[in-house]
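The structure appears below as structure tokens.
The values are calculated or read from the model by the stated rules, or taken from the named source; none is laboratory data. Please read all numbers here as calculations on a predicted model, not as lab measurements. Because the Cβ atoms are built from the backbone with ideal geometry, glycine has one as well, and the counts that use them run over all protein chains shown.
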Amino acid sequence: MPGALLEVEDLRIHFPTQDGLVKSVDGVSFSLERGRTLGIVGESGSGKSVTSLGIMGLHQGTQARITGHIRLGGEELVGALPARIRELRGDKMAMIFQDPLSSLHPYFTVGNQIIEAHRVHHPEATKQQARQRAVDMLGRVGIPEPAVRVDDYPHQFSGGMRQRVMIAMALVNDPELLIADEPTTALDVTVQAQILDLISDLQAEFGSAVIMITHDLGVVAELSDDILVMYAGRVAEYGSAADIFARPGHPYTWGLLASMPRMDRERLTRLVPIPGTPPSLIRVPPGCPFHPRCRYGHLNGGRSETEVPELRDTEDPGHRVACHLTAAERTRQWALLAAGEVPEDVREMVPRGGVEA
Amino acid sequence: MITFIIRRLIGTVFLLIVVSMITFAIFFLLPRLAGQNTYQLATQYVGRNPTREAVLQVEQQLGLADPLYLQYGRFLRGIVVGAHYNSGTGSTYCPPPCFGYSFRSQQPVWPQMVSDLPVTLSLAIGASVLWLVGGVSIGVISALRRGSFFDRFSMGVALAGVSLPIFFTGLISLELFSYKWPIFPNVTYVSFTTNPLLWARNLVLPWIVLAFLYAALYARLTRAGMLETMSEDYIRTARAKGLPERTVIVKHGLRSALTPIVTIFGMDLGLLLGGAIITEVTFSLHGLGLFTVMAIQNQDLPEILGVTMLAAFFIVIANLVVDIFYAVLDPRVRY
């Protein structure tokens with residue numbers, strides 16, 4: 001996709017450890033245009049955070065081995081000079097993190113932390129200008145009385161307000177790319193929607209591209225243009241949000257969808273959990289990494305245990321799925337699941353009627 | 001912040017009063033609880049082989065037979081405004097802070113301590129600067145280059161430093177650098193005002209020996225603290241802002257890692273000001289430490305009492321300074 005702001009191609013991030021090579025990210029590709037939002041979805045350990053830290057160049061100084069390509073505005077970041085990545089970091093690309101309390105330094109006022117973020121990339125700005133900028137940003141992210149609160153310390157803010165501060169700090173230099181790593185996970189449910197709204201409003205205002213990392217499909221449904229579903233460091237499914245919600249192609253995506261409570265469904269629809277736990281990234285299962293947890297593996301004659309499925313196009317343009325099942329079989333199985341058919345193993349787990357009680 | 005300091009000051013005054021009560025109790029109450037009568041108690045304030053008359057006179061002079069609250073009142077008053085002693089021939093005035101008269105020298109205790117204090121002060125402050133700078137920088141470098149040759153080497157030396165007692169390292173250093181190769185011959189205390197150069201030169205060995213012990217400890221503490229701090233989320237945030245690594249380490253990392261170090265440093269320094277006993281004895285420096293040892297050897301109770309109060313005072317003040325400094329460092333403590 002020419003002209004994309006961010007292009008990631010065959011990205012691999014491996015960590016050598018005493019127990020073996022941890023393949024946290026193993027061949028991930030995607031691209032993101034200005035003003036658009038990509039949701040990266042997956043369970044813990046699927047490699048979504050490692051991917052985003054890799055884009056930010058935050059694996060520097062660790063043992064990480066990074067190969068592949070990350071291009072921001074056409075500039076290659078893999079193998080770039082650390083000094084150059086530092087220049088881009090916080091300026092062209094910024095990041096907000098999961099837990100705003102531990103992510104803000106407890107010893108400095110929020111104003112000082114924002115001023116610091118601004119001045120490191122704008123050394124020409126005076127202290128007064130930077131401070132004014134910090135106050136403006138705090139106001140824009142919805143902090144009441146920003147001119148007063150700018151001198152407060154992080155512990156004097158509530159969780160939601162802290163995340164607003166983080167957002168103000170990330171956006172202070174007008175970044176082209178904003179990466180939000182589970183920005184609402186540590187917050188109260190009532191605050192989550194506010195923060196998501198804020199991010200999408202600011203995105204419209206600043207025109208940044210956003211990568212929203214989450215394990216919550218509800219969050220990406222609300223905000224994302226595109227969705228990347230990751231499993232065990234690989235891409236399971238990639239496509240537009242509309243396509244993925246209408247015609248999800250990967251059993252793992254089905255699992256994520258079916259295990260999510262839905263307000264628009266009938267009450268008695270059973271939640272369907274994904275059996276098992278995510279695999280160890282040192283010993284990724286051979287073949288399709290999802291096969292030990294897949295309910296449909298038996299439908300393709302053992303291929304999923306030996307052969308790694310490639311990411312292939314579906315009938316939707318740009319919608320790609322890494323699954324051995326045939327397109328027809330996938331359509332049939334998803335239709336059953338979407339109609340409320342409960343897989344056998346789940347039926348055995350809870351006797352019928354258990355849900356009503 | 002101001003209210004915090006005022007609150008801590010009031011607390012400190014209160015603490016000092018408690019300290020004086022406890023010290024008083026150790027010297028005047030505990031012996032009686034242990035079954036001594038006032039005559040036996042008085043015996044200890046007369047020195048060795050006293051006559052019966054002398055003991056009775058002291059018992060009377062110190063008012064040991066009076067109720068305890070009167071005695072404590074007198075004790076406190078002596079410290080604050082001084083005291084008059086009737087010594088048969090006439091009244092002697094002991095100016096404040098009065099801890100009584102030494103048996104040994106027949107002089108008030110306080111001026112003797114004051115004359116020994118500069119030695120301990122010079123020793124403790126010089127050494128503490130050395131170990132703080134040395135220990136912290138070695139700790140930081142070790143943490144940042146974890147597992148490197150520097151890290152393993154310096155932590156090995158640090159282990160030796162923590163394990164080797166001062167009377168060992170001190171004597172070895174004296175043997176080597178004062179006798180065998182007389183780089184620092186004739187280690188005696190020369191006051192700073194007399195000759196600053198000689199003052200420093202003669203203190204180099206004690207400084208290094210004392211600092212070695214503490215630097216080792218501080219290097220290990222700093223290393224552990226830095227390793228922990230550098231894995232904090234806010235360090236990742238600082239990096240994500242694009243700050244230069246030096247700023248990340250010094251401003252964001254070291255500042256947090258130093259907070260516990262400051263606490264321990266205050267305590268250690270406070271403790272040393274009350275007398276660096278082993279170092280002073282090893283190098284025959286006439287500071288408060290040596291004063292204490294001699295007071296104990298001579299069973300000179302007024303001297304022991306005085307040095308106990310002074311040491312406790314230093315620790316209480318060190319605590320106060322640490323608390324205030326802590327509040328300056330960490331805004332969460334201020335409220």
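Restricting attention to helices (runs of 4 or more DSSP H) lying wholly within region B:223-294, give those where 3 or more residues are more than 13 Å from chain A (Cβ to nearest Cβ) and surrounded by fewer than 16 Cβ atoms within 10 Å (Cβ to Cβ). Lay out the reasoning, then the answer.
Values: elements: B:233-240, B:255-273, B:277-282.
Helices (runs of 4 or more DSSP H) meeting the threshold: B:255-273.
Restricting to region A:248-273, give me the number of residues that are of a type outside the set (Ser, Thr, Tyr) and at pLDDT 75 or above. Lay out the reasoning, then the answer.
As a first pass, look at region A:248-273 and keep what is of a type outside the set (Ser, Thr, Tyr): A:248-251, A:254-258, A:260-268, A:270-273.
Adding the requirement that they be at pLDDT 75 or above leaves A:248-251, A:254-258, A:260, A:271-273.
Matching residues across region A:248-273 total 13.
Looking at B:Leu305, is it modelled with pLDDT of 90 or more and assigned by TED's automatic domain parsing to the domain that holds B:Leu174? Talk me through it step by step, then tell me what you get.
Numbers: modelled with pLDDT of 90 or more: no; assigned by TED's automatic domain parsing to the domain that holds B:Leu174: yes.
Considered against the rule, which asks whether it is modelled with pLDDT of 90 or more and assigned by TED's automatic domain parsing to the domain that holds B:Leu174, B:Leu305 comes out as no.
Residues of region B:184-199 being free of Cβ contacts under 8 Å to residues at least 24 places away in the same chain, touching a helix residue (DSSP H, G or I) at 6+ places or on another chain (Cβ under 9 Å) and surrounded by 14 or more Cβ atoms within 10 Å (Cβ to Cβ), which ones?
B:Phe184, B:Val190
Of everything in region A:174-215, what is crowded, with 22+ Cβ neighbours inside 10 Å and among the polar types (S, T, N, Q)? Give them in sequence order.
A:Thr184, A:Ser208, A:Thr214
Could you tell me which numbered condition A:Asp91 fails, if it satisfies all but one of (1) in contact (Cβ under 8 Å) with a residue 40 or more places away in the chain; (2) more than 8 Å from every other protein chain (Cβ to nearest Cβ)?
(2)
For region A:103-118, enumerate the residues that are facing chain B (nearest Cβ under 7 Å), surrounded by fewer than 24 Cβ atoms within 10 Å (Cβ to Cβ) and hydroxyl-bearing (Ser, Thr, Tyr).
Correct list: A:Tyr107 only.
Need the failing condition index for A:Ala83 against (1) closer than 21 Å to B:Leu243 by Cβ; (2) among the small types (Gly, Ala, Ser); (3) surrounded by 15 or more Cβ atoms within 10 Å (Cβ to Cβ), just the number.
(3)
How many residues does region B:308-335 contain that are free of Cβ contacts under 8 Å to residues at least 40 places away in the same chain and either away from chain A (no Cβ under 13 Å) or in contact with a Pro (Cβ under 7 Å, 6 or more places away or on another chain) (or both)?
Matching residues across region B:308-335 total 1.
Can you pull out the helices (runs of 4 or more DSSP H) entirely within region A:108-194 that have at least 3 residues that are within 29 Å of the chain's Cα centre (by Cα)?
Details: elements: A:110-121, A:127-140, A:146-149, A:159-171.
By residue number, A:110-121, A:127-140, A:159-171.
I'd like the residue in region A:148-167 that is away from every other protein chain (no Cβ under 12 Å) and among the aliphatic types (A, V, I, L, M) and, out of all such residues, is surrounded by the fewest Cβ atoms within 10 Å (Cβ to Cβ). Walk me through it before giving the result.
Residues of region A:148-167 away from every other protein chain (no Cβ under 12 Å): A:148-150, A:157-161, A:163-164, A:167.
Narrowing further to those that are among the aliphatic types (A, V, I, L, M): A:148, A:150, A:161, A:167.
Values: A:Val148: 11, A:Val150: 23, A:Met161: 21, A:Ile167: 25.
Filtering region A:148-167 for residues that are away from every other protein chain (no Cβ under 12 Å) and among the aliphatic types (A, V, I, L, M), the one surrounded by the fewest Cβ atoms within 10 Å (Cβ to Cβ) comes out as A:Val148.
Given the conditions (1) within 14 Å of another protein chain (Cβ to nearest Cβ); (2) at pLDDT below 90, and given that B:Asn298 satisfies all but one, which numbered condition is not satisfied?
Of everything listed in (1) within 14 Å of another protein chain (Cβ to nearest Cβ); (2) at pLDDT below 90, B:Asn298 misses just condition (1).
So A:Thr126 clears everything in (1) β-branched (Val, Ile, Thr); (2) away from every other protein chain (no Cβ under 14 Å); (3) touching a strand residue (DSSP E or B) at 6+ places or on another chain (Cβ under 7 Å) except one condition, right? Which one?
(3)
Determine which member of the set A:Thr67, A:Thr51 is crowded, with 21+ Cβ neighbours inside 10 Å, at negative phi and in contact (Cβ under 8 Å) with a residue 24 or more places away in the chain. First the steps, then the outcome.
Details: A:Thr67 fails: crowded, with 21+ Cβ neighbours inside 10 Å.
None of the others qualify; the one that does is A:Thr51.
Would you check if B:Thr51 is surrounded by 11 or more Cβ atoms within 10 Å (Cβ to Cβ) and at pLDDT 80 or above? Talk me through it step by step, then tell me what you get.
Working: surrounded by 11 or more Cβ atoms within 10 Å (Cβ to Cβ): no; at pLDDT 80 or above: yes.
Against the criterion (surrounded by 11 or more Cβ atoms within 10 Å (Cβ to Cβ) and at pLDDT 80 or above), B:Thr51 does not qualify.
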